[in-house]
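See structure below.
The values are calculated or read from the model by the stated rules, or taken from the named source; none is laboratory data. Owing to the predicted nature of the structure, the values given are computational and were not obtained by experimental measurement. Cβ placement follows ideal geometry from the backbone for every residue including glycine, while neighbour counts extend to all protein chains displayed.
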Protein chains: 2
Amino acid sequence: MELNFAKRMSFLKASEIREILKVTEREDVISFAGGLPAPELFPVAEIREMCRIVLDEAGTKALQYTTTEGYAPLREWIARRMNERLGTAFDRDDVLITHGSQQGLDLTGKVFLDEGDVVLCESPTYLAAISAFRAYGCRFIEIPTDGNGMLPDALEDALRATENVKLIYVIPTFQNPTGRTWSLERRRKLAELSARYGVAVVEDNPYGELRFEGEHLPSVKSFDTAGNVLCTGSFSKIFCPGFRIGWIAGDKDIIRRYVLVKQGTDLQCNTFAQMVLAEYLKRYDIDRHIEKIVEVYKRRRDVAVESMERYFPDRIEFTRPEGGLFTWIELPEGISARRILDDCLKQKIAFVPGGSFYPNVHRENTFRLNYSNMPEDRIEKGLRVLGEVVKAHLRESE
Amino acid sequence: MELNFAKRMSFLKASEIREILKVTEREDVISFAGGLPAPELFPVAEIREMCRIVLDEAGTKALQYTTTEGYAPLREWIARRMNERLGTAFDRDDVLITHGSQQGLDLTGKVFLDEGDVVLCESPTYLAAISAFRAYGCRFIEIPTDGNGMLPDALEDALRATENVKLIYVIPTFQNPTGRTWSLERRRKLAELSARYGVAVVEDNPYGELRFEGEHLPSVKSFDTAGNVLCTGSFSKIFCPGFRIGWIAGDKDIIRRYVLVKQGTDLQCNTFAQMVLAEYLKRYDIDRHIEKIVEVYKRRRDVAVESMERYFPDRIEFTRPEGGLFTWIELPEGISARRILDDCLKQKIAFVPGGSFYPNVHRENTFRLNYSNMPEDRIEKGLRVLGEVVKAHLRESE
């Protein structure tokens, strides 16, 4: 007899990015796919030194089981950092260490979602959030967005008209995939609607530290009077992704539920990685390290934007992000980014077509470019080729 | 308005072990709770050296994202090891690296279980497996077991009489919590029933390498002609738990589905930890390391068994395990292990009452003792005190 799998297995599909990444592992491919940070900026020497110190000073503790909640000094650091940067008022016990911020999304699904529940999200949104929540059998309603965030009226209409809305999922700063940032006013309005309708908000913020210009904005959480907003964060983009350390922070009473589901999910995060990171944060100035990253990514963003201005047809719209890793391109209706990708791959250029960033109706005339993982000359060269391919497709469609 | 959580939040509860562990963190407590390996046996110096080598030779790779499937050399090592030890025929692509074997259980729930599905398990069984599966809304049917494993007739009756049985979950070697090991014949029979009824088996095996005497037995998987058996394993007990590295292995077609759900769950395991471990396995003889662990745990098992024989009343039954970390005690009906624990905690002795190892009707006259995490004199002292408390409770009940 054949095995029977869970219903969810019929509608989960492989991440297009992870599949494209396998193709782009070859050195000669210019890849705008993935969200890979620049490996040459990882603090390798410092991490080596911190490994030595942690193992010398507390080796058996670092290799043993620890609490589900996570390593206390690291949770304290995170609470302090968020309070300084994002206008929150967290303490250690509001913070749960997660296996990357991706796990914060999975646990959110487990804590909040029953089959048939509704998640409101930006349109487009982070595709691995779609996978994380969808595994719990939810439906998505996409809220229209502009350059300042979700349109508040559309959001309120959806909240008013829809039963079983459990979550509003947003990435207000340097959004993935669009690179856009929400205005202060929209942040305040989101917190207000969340309180009024009793719906939790997940404010996902993996890129917020990487601001190239302008002021850091207060978080949605800073306007949250009801205790409904949960904040995820990550060390993947400011330290390294290989350690898989992120967090979710929110009111103790909610975080307690996350701890409970994390127990059954994987007991706890890597003890050693948490201690090495905490030691690094104690002994080094991460702000100086972030400055270095920002400097490099800003130059790459500049080259990407300039190259698109130079090589892309005028009618093509794209984001000029103030930080983060991504820019987003909208092509005229009817042009397929998947077909453009096929042609680009022949010339060893890769990116991610935008379709899968939409949970419901895919808009295939969009795509995402990552500019953080390549030197400037390759960005320029890649976008020149990409521009030619785009032009060819536009001509063909006319 | 109040937030609404998922239904599962109403029936998930905190792991009793994790809660007891918080109490027992004090140095002066003699703890038979938890399943902590002995930290003095962790290969701290070797790990420090491997951290250095990995960061020197492949630092940026070790800190970057990697594939969801896991680090290829580590997957190869695991496949080879299982084939040598457990009579399986795996190759690298049958193996997915998981965040501890606990994550293998969570992903199993995601791949197989819909609300209302049934999991057949040993009675008693590993309590964090209960939490992992229960989060997906399943019911449990406990199959009676004796010293040789599940009773095959009872298992077949349940398979025949029950709709929507999706999984059979077993720990055939040095079971948690009982310390018992399934006979060869029962292993064969389980594989046969699994094939006949088209039901997946999860063969959980975190302790199998820790055999004090007797021969290693072939796995249930080695008798699996239908491709229905999945094997989990872990480095937590033979290397260190702080790294959180385990695996699940099975037919490629099923593992592919696990990879898919792991993508949405947490993207991948810690790259660095996988590479450090793989480097350790390449440069050191882990069998010699395991021999050292076995030697220490065997002595502790001996002291535990001898102490129970000496200090416990004759009518108390307990397991004499051939390996692993646990022994299991059955008290006369009506005696409460929770009440005994209360009295023991006053004398700074801790263990885990057996009730929560039963998913349905708790049998409160049972408890689990771990002997791997304490020196022999403290085991002897702790069991002397525990024996006195047990005797007092028996007298009281008469």
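Scanning region B:22-37 for residues that are surrounded by fewer than 20 Cβ atoms within 10 Å (Cβ to Cβ) and either under 19 Å from the mean Cα position of the chain (by Cα) or within 30 Å of B:Ala278 (Cα to Cα) (or both) yields one hit, B:Leu36. The lone criterion from (1) modelled with pLDDT under 95; (2) in a helix (DSSP H, G or I); (3) within 21 Å of A:Thr178 (Cβ to Cβ) left unmet by A:Val361 is number (2). Scanning region B:234-269 for residues that are facing chain A (nearest Cβ under 10 Å), assigned to a loop (DSSP other than H, G, I, E, B) and under 21 Å from the mean Cα position of the chain (by Cα) gives B:Ser236, B:Phe239, B:Cys240, B:Pro241, B:Gly242, B:Phe243, B:Arg244, B:Ile245, B:Cys269. Among the conditions (1) without any contact (Cβ under 8 Å) to a residue 12 or more places away in the chain; (2) under 30 Å from A:Thr24 (Cβ atoms); (3) not β-branched (Val, Ile, Thr), the only one that B:Arg92 does not satisfy is (1). Tell me, which residue of region A:109-119 that is touching a residue at least 40 places away in the same chain (Cβ under 8 Å) and buried (at least 24 other Cβ atoms within 10 Å of the Cβ) is farthest from the other protein chains (Cβ to nearest Cβ)? The residue in question is A:Val119.
For region A:195-210, residues that are out of contact with any Leu (no Cβ under 9 Å at 6 or more places or on another chain) and in a helix (DSSP H, G or I) total 1. For A:Glu69, the requirement of being under 25 Å from A:Tyr207 (Cα atoms), more than 7 Å from chain B (Cβ to nearest Cβ) and either part of a loop (DSSP other than H, G, I, E, B) or among the hydrophobic types (A, V, I, L, M, F, W, C) (or both) is met.
Does A:Val220 qualify as being touching a Phe, Trp or Tyr at 6+ places or on another chain (Cβ under 7 Å) and aliphatic (A, V, I, L, M)? Criteria not met by A:Val220.
Scanning region B:19-53 for residues that are closer than 23 Å to B:Ala304 by Cβ and within 10 Å of chain A (Cβ to nearest Cβ) gives B:Leu21, B:Glu25, B:Gly34, B:Gly35, B:Leu36, B:Pro37, B:Ala38, B:Pro39, B:Glu40, B:Leu41, B:Phe42. Exactly one residue out of B:Val294, B:Val276, B:Val229 is among the β-branched types (Val, Ile, Thr), in contact (Cβ under 8 Å) with a residue 12 or more places away in the chain, crowded, with 24+ Cβ neighbours inside 10 Å and farther than 20 Å from B:Lys61 by Cβ: that is B:Val229. When region B:89-126 is filtered for residues that are part of a loop (DSSP other than H, G, I, E, B) and polar (S, T, N, Q), only B:Thr125 remains. The single residue among B:Val352, B:Val390 that is out of contact with any Asp or Glu (no Cβ under 9 Å at 6 or more places or on another chain), outside the structural domain of B:Phe174 (by TED's automatic domain parsing) and crowded, with 17+ Cβ neighbours inside 10 Å turns out to be B:Val390.
Here is a check on your reading of the model: is A:Gly147 small (Gly, Ala, Ser), touching a Gly at 6+ places or on another chain (Cβ under 9 Å) and either in contact (Cβ under 8 Å) with a residue 60 or more places away in the chain or more than 9 Å from chain B (Cβ to nearest Cβ) (or both)? For A:Gly147, the condition - small (Gly, Ala, Ser), touching a Gly at 6+ places or on another chain (Cβ under 9 Å) and either in contact (Cβ under 8 Å) with a residue 60 or more places away in the chain or more than 9 Å from chain B (Cβ to nearest Cβ) (or both) - is not met. Regarding region A:371-380, can at least one residue be identified that is touching a residue at least 40 places away in the same chain (Cβ under 8 Å) and over 24 Å from A:Leu210 (Cα atoms)? Checked region A:371-380: no residue is touching a residue at least 40 places away in the same chain (Cβ under 8 Å) and over 24 Å from A:Leu210 (Cα atoms). If I ask for residues that are of a type in the set (A, V, I, L, M, F, W, C), farther than 25 Å from A:Pro241 by Cα and surrounded by fewer than 17 Cβ atoms within 10 Å (Cβ to Cβ), which ones from region B:58-108 would you list? B:Ala89, the sole residue that qualifies. Going through (1) modelled with pLDDT of 95 or more; (2) out of contact with any strand residue (DSSP E or B) (no Cβ under 8 Å at 6 or more places or on another chain); (3) under 25 Å from B:Leu107 (Cα atoms); (4) part of a helix (DSSP H, G or I) one by one, A:Glu49 falls short only on (3). Set side by side, the residues B:Glu213, B:Glu192 differ, and just one is modelled with pLDDT of 95 or more and assigned to a loop (DSSP other than H, G, I, E, B), which is B:Glu213. Being among the aromatic types (Phe, Trp, Tyr) and closer than 30 Å to B:Phe239 by Cβ is not true of B:Phe312. Test B:Glu2 against the criterion of being part of a loop (DSSP other than H, G, I, E, B), within 7 Å of another protein chain (Cβ to nearest Cβ) and either free of Cβ contacts under 8 Å to residues at least 12 places away in the same chain or of a type in the set (Phe, Trp, Tyr) (or both), and give yes or no. Yes.
Every listed requirement among (1) of a type outside the set (D, E, K, R); (2) more than 7 Å from chain B (Cβ to nearest Cβ); (3) touching a residue at least 12 places away in the same chain (Cβ under 8 Å) is met by A:Asn83 save one, (3). Considering only residues in region A:270-281 that are of a type in the set (A, V, I, L, M) and more than 8 Å from chain B (Cβ to nearest Cβ), the one that is nearest to A:Arg211 (Cα to Cα) turns out to be A:Leu281. Among the residues of region A:132-182, those identified as assigned to a helix (DSSP H, G or I) and within 24 Å of A:Gly208 (Cβ to Cβ) are A:Ala132, A:Phe133, A:Pro152, A:Leu155. State all residues of region B:70-94 that are among the acidic types (Asp, Glu) and either under 16 Å from B:Leu230 (Cβ atoms) or not assigned by TED's automatic domain parsing to the domain that holds B:Pro218 (or both); if no residue qualifies, say none. Result: B:Asp91, B:Asp93, B:Asp94. Can you pull out the residues in region A:278-314 that are within 17 Å of A:Lys391 (Cα to Cα), out of contact with any Leu (no Cβ under 8 Å at 6 or more places or on another chain) and outside any helix (DSSP H, G or I)? Within region A:278-314, A:Asp314 is the sole residue that qualifies. From the list B:Ala58, B:Ala62, B:Ala129, the lone residue that is within 21 Å of the chain's Cα centre (by Cα), assigned to a helix (DSSP H, G or I) and within 14 Å of chain A (Cβ to nearest Cβ) is B:Ala129. For region A:5-40, the set of residues classified as more than 29 Å from A:Lys110 (Cβ to Cβ), outside any loop (DSSP other than H, G, I, E, B) and charged (D, E, K, R) consists of A:Glu40 only.
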